[in-house]
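For reference, the structure is listed below as structure tokens.
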Amino acid sequence: MKEFDVLQNIWQDQQDPKLDQDEILKRVKRYRNRLANKLLIEVLFMSFAIAVLSYAWYMIPFRMWTTHLSLLIFMACCLFVLFAQLSDYRRLHAEEDFLQKPELYIQYLKNFKQERHKLNTQKYLVYTLLLGLGLLLFFVEIFFVSSIWLTIIGLSLSVGWILICYFWLMRLYIRKEEHYLNEMIEQLERLSKQFSE
Amino acid sequence: MVNKEKLFQEIFQANSKKIYHLCYGYTGDSDTANDLMQETFLKVWQNLDKFRNQAMISTWIYRIAVNTCLSHLRVEKRQAKDELTENIIESKAEEFSEKNEQIALLYRCISKLEENERIIITLVLDEVPYPEIAEISGISEGNLRVKIHRIKHKLTELYNRYERI
């Protein structure tokens, strides 16, 4: 029959794990570089889209005001996505809230979930509607300069893709993200309850 | 940057063993404990500037480790092989000895406790002062003492029961 002191001695007797701090430092650097690269790629991708739109706007002599308005809407959408991604990305990886007490961390996660939900639903709806409006306006000029069939095919494909994104891909994404966050919150709440019992 | 690296190395040296014990006690699995310890120290690195002048750096690191452990989801897939499987802990063939068996049994018993109990008891076994454990777990010291008494009893019972099997 062993007492707790004996268990403590067994614990103290365990061999020290051999920890390679250079390896962890290398990993830290790799991780930091990967974050920086990801950020850079996102910024470059969106900047490229904005540059292409600006170039097309400058080089092609669009005749109708609807096209100019549509390009403006597209650029606004790109900028919105760019800033939304950047701000969430930076916030997620700053992780200052890991420094806080468990209950504050749960609150942080709940707030984060709410904000993500708003972004993925309300804001994404506005984004989709604006994108759809932009496409409609853009295809007004296409209708006048090309055939009706080309307009119909182009518009159908674009709107079809937007609908697939909105009704299928985005819902899958939201479900996955919310499942992940809910499970995390649930687990933390259960533990918080255990601590306070 | 050089200073930051130096500071990080000092912090790593001073705390990694206990953080590994905490993660191992929580997960009951050395690979996952290794992953969680790495994640903890990544977060330490990321937030080091904010904590440079604070006195109780170990409390801060424990809190990061606890939140990292608690946030660890069973459904979460392990990250890509090249990210986390390079064990920081040098692997070597475990020597068979009575001592190793006892340690393995102790970890197995800890894994039978509830999650919060695992965290508290590993800190107790590593002789972290009670006020620090209370600060890490966010409960009062009085409440903590009661809990510790109960967990010690539970763990001892578990150990004795499994040892007989």
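Taking the number of other C-beta atoms within 10 Å as the exposure measure, put B:V124, B:V146 in order starting with the fewest.
Ranked by crowding around the Cβ, least crowded first: B:V146, B:V124.
Given a cut-off of 27 Å, name the pairs among A:K110/B:K43; B:K18/B:K50; A:K176/B:K4 whose C-alpha atoms lie farther apart than that in the structure shown.
On the way: A:K110/B:K43 20 Å; B:K18/B:K50 22 Å; A:K176/B:K4 37 Å.
In this structure, A:K176/B:K4 exceed 27 Å between Cα atoms.
If neighbour count is taken as other Cβ atoms inside 10 Å, put B:K18, A:K26 in order from fewest to most.
Result, fewest neighbours first: A:K26, B:K18.
Where in the range A:125-139 does the label zone of A:L155 land, with the point 7 angstrom along Cα→C-beta and an amide N cut-off under 17 Å?
Zone members listed by number: A:129-139.
Taking the number of other C-beta atoms within 10 Å as the exposure measure, put A:E178, B:E135 in order starting with the fewest.
Ascending Cβ contact count within 10 Å gives the list A:E178, B:E135.
Take B:E5 and A:S47, extend 7 Å from each Cα along the Cα→Cβ direction, and tell me the distance between the two endpoints in nm.
Calculated label separation equals 2.8 nm.
How much length is gained if the chain between A:M170 and A:L69 is pulled fully straight, taking 0.36 nm per residue apart and subtracting their Cα-Cα distance, in nm to one decimal?
Gain in length upon complete extension: 33.7 nm.
Sort A:69-77, A:51-59 by the packing proxy (mean of other Cβ within 10 Å over each peptide's residues), most packed first.
By packing density, highest mean first, the sequence is A:69-77, A:51-59.
Here, each number is a calculation from the coordinates, and none is a lab measurement. Here the structure is a predicted model, which is why all the values come from computation and not from measurement. A quick note on method: Cβ atoms are made from the backbone with ideal geometry, for glycine too, and the neighbour counts reach across all protein chains shown.
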